[in-house]
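Step one of this worksheet: look at the structure below.
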Amino acid sequence: MNDELLQEVRGRTLWLTFNRPQARNALTFAMYGALAEACRTAPTDGSIGAVVIHGAGGKAFAAGTDMTQFRAFETAEDAAEYEMKIETVLEAVERCPLPTIAAIHGACTGGGASIAAVCDIRIASARLKFGFPIARTLGNCLAAANLARLAGLVGPGRLREMIFTARLMEADEARHVGLVTEVLADEAALLSRAEELADHVGAMAPLTLRATKEAMRRTQSASRIDDSDLIEMCYMSRDFREGMEAFLGKRAPEWSGT
């Protein structure tokens, strides 16, 4: 088991915990892979009723992909493979045969926000900060399929505004637009409610839930869009390299548009 993604069964609930609190649970490729595998292999024999995903450390659900991993990117194929890998992970969470609940406390950005967005139910603490500040930090882009999912949740206009301004959505707005269904006062209340909700949902007819999940996934799935040119444009740019090094060096990036 990957120590950076803890897996624990409590009663009939599988708890998956992002466990890199020293890095605000920034996601490594190993964590992405472990999450996908846990979702693909979730038991359907009745021993588990639901899955809860949350972050350790009291500060973040998950603060995106660990940026140090991008330093190895040299070719357009590296960028395309990364986005395909992320899409594979998101599809694994979407296709999980059990209901998934994201219990979101604190920062939920980048890859972490994408993972939360594909869970069946999202609840949050009052400290929620949700979004994709990539226009301020890395200068990369989201894949078209990911954008389509997110636009379906918060609306295309709001999504565009959030990405263009790099602002993070807070708890009250998230509840207002339907991104989260409940806002709890603090992390303790959030985790207690997640446990209660998982027990409740996990007691429902499993085939009804599974059929509903899959039917909605099929309905909402966008046709495959060729966005390889857009991914190459961003990830192979001087700006992407500058954004990455500026972020890791704790300085403001100097964008050139090249």
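The numbers here are math on the coordinates, done by the rules we state, and not lab data. Quick caveat, the model's predicted, so the values are computed rather than measured. No Cβ is skipped: glycine too gets one built from the backbone with ideal geometry, and neighbour counts run over all protein chains shown.
Quick check on the range 3-146: what does the Kirkwood estimate of hydrodynamic radius come out to from the alpha carbon pairs, in Å?
On the way: mean 1/r = 0.0652 Å⁻¹.
Computed over the range 3-146, the radius equals 15.3 Å.
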If you build a Gaussian network model of the chain, linking Cα atoms that sit under 10 Å apart, which residue out of R71, R95, R241 swings the most? R71
Relative to the compact globular guide of 2.2 N^0.38 Å, what is the alpha carbon radius of gyration of the range 208-258, as a ratio? 1.92
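Per residue, how big is the convex hull around the C-alpha atoms of the range 57-117? Give it to me in cubic angstrom, could you?
Working: hull volume 5.2 nm³, N = 61.
Hull volume normalised by residue count: 85 Å³.
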Could you give me the percent of Cα pairs per 5 Å distance bin for the chain, shortest bin first, beginning at zero and ending with the bin that holds the maximum distance? 1, 6, 13, 18, 20, 18, 12, 6, 3, 1, 0, 0
Are there cysteines in the chain with no other Cys C-beta under 4.7 Å, and if so, which? C108, C119
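Report the antiparallel proportion of the DSSP beta bridges in the chain as a percent, rounded to a multiple of 5.
Antiparallel: roughly 25 percent of the beta bridges in the chain.
Please compute, over every Cα-Cα pair in the range 149-258, the percentage with a separation greater than 19 angstrom.
Details: 4181 of 5995 pairs.
So the pairs more than 19 Å apart make up 70 percent of the total in the range 149-258.
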Reachable lysines from K250, criterion Cα separation under 21 angstrom, eight or more residues apart if same chain: K59, K129
With only Lys, Arg, Asp and Glu charged, each at its Cβ (+1 for the first two, -1 for the last two), find how big the charge dipole of the chain is about the Cα centre; round to the nearest 20 debye. 520 debye
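What does the charge add up to near A215, with Lys and Arg as +1, Asp and Glu as -1, over the other residues with Cβ less than 15 Å from its Cβ?
Numbers: positive: R95, R210, K213, R217, R218; negative: E94, D120, E214.
Cβ neighbours under 15 Å give a net charge of +2.
When the helix-only estimate is applied to the chain (DSSP H runs of n ≥ 4, each -39,500 (n - 2.57), divided by the residue count), what is the mean residue ellipticity at 222 nm, nearest 500 deg cm²/dmol?
Numbers: 10 runs with 117 residues, N = 258.
Rounded to the nearest 500, it is -14000 deg cm²/dmol.
Contour minus end-to-end for R217 and M84, with contour as 0.36 nm per residue of separation and end-to-end as the Cα-Cα distance? Don't jump to the answer; show the numbers that get you there.
On the way: separation 133, 0.36 × 133 = 47.88 nm, distance 1.81 nm.
In short, 46.1 nm is gained.
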Given the options A113, A26, A215, state which has the largest fluctuation in a GNM of the chain using a 10 Å cut-off (strictly under) for Cα springs. A215
